[in-house]
Every structure is written in C-alpha cells, then in structure tokens.
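Note sheet for the following structure.
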Amino acid sequence: MTMTVILALLKPLAALNTLFLRLGRTFAWVAMGLMVLIIILQVFFRYIVGSALAWPDEGARFLMLWMTALIAPSAYRWGGFVSIEMVKDLLPARIGAFLGLCLLAVSLTVLVYGFQLGLNHVKSGWLFNSSSLKLPLEFLGLGLVRIKLAWMYMSLPVGLLLMCLVNVELCLKACAHIIDPEADLPDDRDRMIVAVE
C-alpha cells in the first residue's frame, strides 16, 4: 500500500522534473552560447577596435547566473554534485537508503531556506536598474528601457525551486528503496542519453 502511494506520487513528479529539466538544459546551453558570443564581441571591441562596450560584462554575468540556475537541478538529479557515498555504500541497502533520505531531508531544508532568501532578494531587485543592460524598444515608442536587477536575481529562486522538486523526487525514491531495495523506479532517460554522447 505504501509503495503504491509512493509510486503514484513519484511517477508524475519524475515526468514533470524530466520536462522542466530538459527545458532548463536547453535554455542553459543557449545562455552558454550567447555568453561566449558576448565575450568574444567584447574582446573584439576592446582589443581590435580599441573601444570597449559598456554592456557585455553585465550581460555575460546575467546569462551565467541563469545558465547555472537552469543546469544545477539536472546535476543534482544525476548525482553530479560532490558527495561521499562510501559510508552509504558500506551499509546494508535499506540502512543506506535511510541515511540517504536523512541527508536529502537536510538538503531540502537548506534549499527551502535558500529559496525564501532568494525571493526576498528578488523583491529588492525591483528597486534597482541594471547599470548597463537596456532593451532597445524604440520600435514600440518606449526608447531604451533599463532592465531591473530582479530579472538577474530571479535565477536564484528559480534554480532552487527546481532543485527542491528534484529533492522531493529523490526523497520518494529513497523511501521506495527503504521499503524495497530492488524496486523498479522511474529513471531519467535523458541522463543515459547525455552519458552516451
């Protein structure tokens, strides 16, 4: 009965996470490509033309924050963060799964607290404009519109929210492994595709 409830929660959450993280990775790669182009553009203007542009440094930083926020949840789901698995692997499967669940619960607490701090930081970002990033909206009659820093700061709560969703999925998997260490659980096929490439 308990395993049925866990699987009923786990399957849609795993599918939702797969969708969100796939979109996040796509946007992260686009952000990475744009960041490289912006940096090359700045190098060209600074060293070839001799007149550096004002916006590329802040633009690249903006893209880097969003790239990190959107790729970190996939790394978390795939076990890409630094962790010490030695103790967990030495224990019997159920006890190891319980230890993993305890660590995930601590991580979830930190992630939720970070999410709350991130939301507060975003609120302050609506008060300040970027020093150099402006949207050219002359064709709409708005002229140059300065970008609010909140759009940059928003990367933190978005990334942490996605990591919270991943954490809940991992907690459900740990609970399932405590009940049945051999349980057949939904896996992320995207991880296998990336590993093969």
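Between the stretch 109-149 and the stretch 27-65, how many Å separate their Cα centres?
The stretch 109-149 and the stretch 27-65 have Cα centres separated by 19 Å.
Roughly how many Å² of residue 43 are accessible to a 1.4 Å probe, to the nearest 10?
70
Tell me the accessible surface of residue 11 in square angstrom (1.4 angstrom probe, heavy atoms of protein chains only), to the nearest ten.
For residue 11, the solvent-accessible surface is approximately 120 Å².
Given the options 178, 71, 84, which has the most mean-square fluctuation in a GNM of the chain, springs set between C-alpha atoms less than 10 angstrom apart?
84
Rounded to the nearest percent, how much of the accessible area of the stretch 1-87 (1.4 Å probe, protein heavy atoms only) is carbon and sulfur?
Whole-percent figure for carbon plus sulfur exposure: 78.
Sorted by packing (mean other beta-carbon atoms within 10 Å per residue), highest first, where do 115-122, 165-172, 75-82 land?
165-172, 115-122, 75-82
Can you give the accessible area of residue 109, probe radius 1.4 Å, in Å² rounded to 10?
That residue has around 90 Å² of solvent-accessible surface.
For the stretch 1-127, what is the accessible area per residue in Å², given a 1.4 Å probe and the full set of protein chains?
Value for the stretch 1-127: 65 Å² per residue.
Tell me which lysines have Cα within less than 18 Å of residue 123's Cα, excluding those fewer than 8 residues away on the same chain?
The reachable lysines, counting only those whose Cα sits under 18 Å from residue 123, are 148.
Which of the lysines could be linked to residue 173 by a straight reach, that is with a Cα gap under 17 Å, when you skip same-chain ones fewer than 8 residues away?
Qualifying lysines at Cα under 17 Å: 11, 88.
If you average the sequence gap of Cα pairs under 8 Å that are 6 or more apart and divide by the length of the chain, what percent do you get for the contact order?
30
About its Cα centre, what dipole magnitude does the chain give when the only charges are +1 on Lys and Arg Cβ and -1 on Asp and Glu Cβ, stated in debye to the nearest 20?
Computed charge dipole of the chain: roughly 580 debye.
The values are calculated or read from the model by the stated rules, or taken from the named source; none is laboratory data. Source: prediction; values computed, not measured. Neighbour counts run over all protein chains shown; Cβ positions are idealised from the backbone, glycine included. Only protein heavy atoms, including side chains, enter the accessible area calculation; ligands, DNA and RNA are left aside. Shrake-Rupley method; radii C 1.70, N 1.55, O 1.52, S 1.80 Å.
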